[in-house]
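Here the structure is laid out as structure tokens; the discussion comes afterwards.
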Amino acid sequence: MSKINIHPSILCANHSNLEDEIKRVELAGADYNHVDVMDGGFVPNFGLGTEVIKCIKKHSNLPMDVHLMVNDPARHIKFFRELGADIISIHPEADKHPARTLSKIREMGATPGIAINPGTSIETIKELLPLCGHVLTMTVNPGFGGQKFMDLTLSKIEHLGALAKEYGFSLCVDGGISVKRIKKLALLGVTSFVVGSWLFRQEDYTEAVGQLRNEA
Ligand code: DX5
Ligand code: ZN
């Protein structure tokens, strides 16, 4: 059993009772709130907005991991840092100068991250890795919760597991994660897990987070 970080994806919470959901995942022992921001341009969906993020900050003491699925993320990093983002991940394809944006995120006092789409190879982003504190490997195409884990990402995850040791970033997976996948991914070097629909489907979040930790 190794120490892993659990990042509940708030996109998948029951938004009719968001305050309760946020409090329950914190009580369950989650490590970060994972916040998906989508602009309807980079991905075919919208969310989560300013008011939702303020609600999360108001009712939770957990640090916040913001996943920017937006075009030209450099324009928005200051805004999300001021809303309380502790980790800010950008998609390099969406940014003309991702190296500059990652450095700016670090200068702002947040942890810079890149999100790597299933169809993006390590070759195209490897120069950015020394600038990252966090690497969010997408295990589904970004934009929606509740999708099926894509096995084609496994060889890339294995390679990133080795690079994480070399560069010291936290290696995170996002999309289709459930208790049955944790062990294999942890063995490949994954240390952080975004968990959306699987977690919010469970009755008892404390038991679910415990199950995830036991499996790793
Ligand atoms: C997908 C998002 C994820 C998503 C995860 O674009 O980045 O964070 O909400 O949800 P599940 O775990 O249901 O795939
Ligand atoms: Zn996400």
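Based solely on its DSSP helices, what 222 nm [θ] is calculated for the chain when runs of n ≥ 4 H residues each add -39,500 (n - 2.57) and the sum is averaged over all residues, nearest 500 deg cm²/dmol? Intermediate results must be reported in sequence, preceding the final value.
Numbers: 8 runs with 75 residues, N = 216.
For the chain, the value works out to -10000 deg cm²/dmol.
Across region 1-111, Cα-Cα pairs more than 15 Å apart make up 63 percent of the total. Taking every pair of alpha-carbon atoms in region 79-204, give the share separated by more than 24 Å as a whole percent. Of the Cα pairs, 27 percent sit more than 24 Å apart.
Over all directions, the projected convex hull of the C-alpha atoms in region 1-50 averages 4.7 nm² in area.
How charged is the neighbourhood of residue 5? Take every other residue with its Cβ under 15 Å from the Cβ of residue 5, and add Lys/Arg as +1 and Asp/Glu as -1. Please report the intermediate quantities before stating the final value.
Numbers: positive: 3, 213; negative: 26, 31, 65, 86, 174, 215.
Overall, the nearby charge balance is -4.
Over the residues of the chain, compute the C-alpha Rg and express it relative to 2.2 N^0.38 Å. Before the final figure, lay out each step's value.
Details: Rg = 15.8 Å, N = 216, 2.2 N^0.38 = 17.0 Å.
For the chain, the normalised Cα radius of gyration is 0.93.
Along the chain, counting only trypsin sites (Lys or Arg not before Pro) with a DSSP assignment other than H, G, I, E or B and at most 14 other Cβ atoms inside a 10 Å radius, the longest segment between sites is 4-95.
Distance between the modelled labels on residue 167 and residue 183, one decimal in nanometres: 3.0 nm (7 Å Cα→Cβ projection). Cross-link check: pairs 23/104; 156/180; 3/78; 126/180 evaluated at a Cα-Cα cut-off of 25 Å; pairs beyond the cut-off: 23/104; 3/78; 126/180.
Sum up the charges of everything whose Cβ sits under 15 Å from the Cβ of residue 104, counting Lys and Arg as +1 and Asp and Glu as -1, but leave residue 104 out.
On the way: positive: 75, 78, 81, 96, 100, 106; negative: 72, 82, 95, 107.
Combined, the nearby Lys, Arg, Asp and Glu give +2.
Kirkwood radius for region 88-139, taken over all pairs of different Cα atoms as the inverse mean of 1/r, rounds to 10.8 Å. Taken per residue, the accessible surface of the chain reaches 45 Å², heavy atoms only and a 1.4 Å probe.
Using only Cα atoms, locate the centre of region 1-33 and the centre of region 138-203, then give the distance between them in Å, rounded to an integer. Cα centroid of region 1-33 versus Cα centroid of region 138-203: 16 Å apart. Rg and Dmax of region 151-216, based on Cα coordinates, read 12.3, 39 Å. Comparing 44, 73, 112 in a Gaussian network model of the chain (Cα springs below 10 Å), the most mobile by mean-square fluctuation is 44. Overall size of region 62-101 from C-alpha positions, given as principal axis extents largest first: 31, 16, 14 Å. Remark: spin-label model distance residue 83-residue 103 equals 2.7 nm, labels positioned 7 Å along the Cα→Cβ axis.
At a 1.4 Å probe radius, carbon and sulfur cover how many percent of the accessible area of the chain? Intermediate results must be reported in sequence, preceding the final value.
Working: 4900 of 9730 Å².
The value for the chain is 50 percent carbon and sulfur by accessible area.
The values are calculated or read from the model by the stated rules, or taken from the named source; none is laboratory data. Please read these numbers as outputs of a predicted model, since none were measured by experiment. So basically every Cβ, Gly included, is an ideal-geometry build from the backbone, and we count neighbours across all protein chains shown. Areas reflect the complete protein model, heavy atoms only, side chains present, ligands, DNA and RNA absent. Shrake-Rupley method; radii C 1.70, N 1.55, O 1.52, S 1.80 Å.
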